[in-house]
Amino acid sequence: MAKLSDELKEAILSLPTKEKNKLLLRLIAKDELLTDQLQYKLLENTPSDLKFRQQEVQDQIDFTSGRLTLKQILTYFRTFSGKINRFAKVTKDKQSELELWKYLCEAALIAFKQYRATLRDSQLKPKFKENALKKISKMYTLLEGLHEDYHLEYMDDLKQLEKDYKQL
């Protein structure tokens, strides 16, 4: 990101308000993430909007398109991870993010138990396991930032998920 000189900052701040607003709106429109963050923060910042966004991401997490290969499961896992990361950047809601990671790991585990074996599985299985365990570690970190009451609610599920993935 370019650093603004003090002279340029002063010149920008001395512009008429109407012109500054026009420039600001043009800049914001170029950054899709920032636009989404502002949309959420300024227009949708209610619990029902958060649940709607969370459900929207959860509905996209789908491993049910027939028996998948391990490579397909790993690809979906990475794709859905990106969607969850974007959700987290926009909403900044730790509990919803934790729930989405948990849902993703559970769905991937179910798909893994039903996957169609291929010759490359011996190479992909450690990657899949490593990715999932990293996400579980991230869930523990998110859980630490939440109120103690949530620790009781999620801890057993996270421990079970971790155990299941370590047994792969």
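State whether one or more residues within the range 113-132 are under 11 Å from the mean Cα position of the chain (by Cα) and either at pLDDT 90 or above or among the hydroxyl-bearing types (Ser, Thr, Tyr) (or both). Before the answer, list the steps.
So the first thing to find is which residues in the range 113-132 are under 11 Å from the mean Cα position of the chain (by Cα), and the list is none.
Checked against the condition, which is being under 11 Å from the mean Cα position of the chain (by Cα) and either at pLDDT 90 or above or among the hydroxyl-bearing types (Ser, Thr, Tyr) (or both), the range 113-132 yields no hits at all.
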If you go through the range 151-161 one residue at a time, do you hit one that is more than 26 Å from Asp49 (Cα to Cα), in contact with a strand residue (DSSP E or B) (Cβ under 7 Å, 6 or more places away or on another chain) and either outside any helix (DSSP H, G or I) or basic (Lys, Arg) (or both)? no
Being exposed (fewer than 12 other Cβ atoms within 10 Å of the Cβ), more than 20 Å from the chain's Cα centre (by Cα) and either more than 13 Å from Ala107 (Cα to Cα) or among the basic types (Lys, Arg) (or both) is the filter here; which residues of the range 63-86 pass it? Gly66, Arg67
Just checking: which of the helices (runs of 4 or more DSSP H) contained wholly in the range 1-48 hold 2 or more residues that are within 30 Å of Asn85 (Cβ to Cβ)? 17-30, 32-38
Any chance the range 13-33 includes a residue that's surrounded by 10 or more Cβ atoms within 10 Å (Cβ to Cβ), over 14 Å from Thr91 (Cβ atoms) and among the polar types (S, T, N, Q)? yes
May I ask you to verify whether Glu56 is exposed (fewer than 11 other Cβ atoms within 10 Å of the Cβ) and part of a helix (DSSP H, G or I)? no
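Per-residue answers, yes or no, for (1) of a type in the set (Val, Ile, Thr); (2) farther than 13 Å from Leu70 by Cα; (3) surrounded by 11 or more Cβ atoms within 10 Å (Cβ to Cβ):
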{"site": "Lys113", "(1), (2), (3)": "no, no, no"}
{"site": "Asp121", "(1), (2), (3)": "no, no, yes"}
{"site": "Leu124", "(1), (2), (3)": "no, no, yes"}
{"site": "Leu143", "(1), (2), (3)": "no, yes, yes"}
{"site": "Tyr150", "(1), (2), (3)": "no, yes, yes"}
{"site": "Met155", "(1), (2), (3)": "no, yes, yes"}
{"site": "Leu161", "(1), (2), (3)": "no, yes, yes"}
Can you confirm whether the range 72-83 contains a residue that is over 30 Å from Arg120 (Cβ atoms) and either outside any helix (DSSP H, G or I) or not polar (S, T, N, Q) (or both)? no
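Looking only at the range 100-128, count every residue that is closer than 30 Å to Arg53 by Cα and either not aromatic (Phe, Trp, Tyr) or not in a helix (DSSP H, G or I) (or both) and tell me the total. Write out each step before concluding.
Residues of the range 100-128 closer than 30 Å to Arg53 by Cα: 100-115, 127-128.
Applying the additional criterion that residues be either not aromatic (Phe, Trp, Tyr) or not in a helix (DSSP H, G or I) (or both) yields 100, 102, 104-111, 113-115, 127.
Matching residues across the range 100-128 total 14.
The values are calculated or read from the model by the stated rules, or taken from the named source; none is laboratory data. The structure displayed is predicted, hence computed values, not measured ones. Glycine gets a Cβ as well: all are built from the backbone with ideal geometry, and neighbour counts include every protein chain shown.
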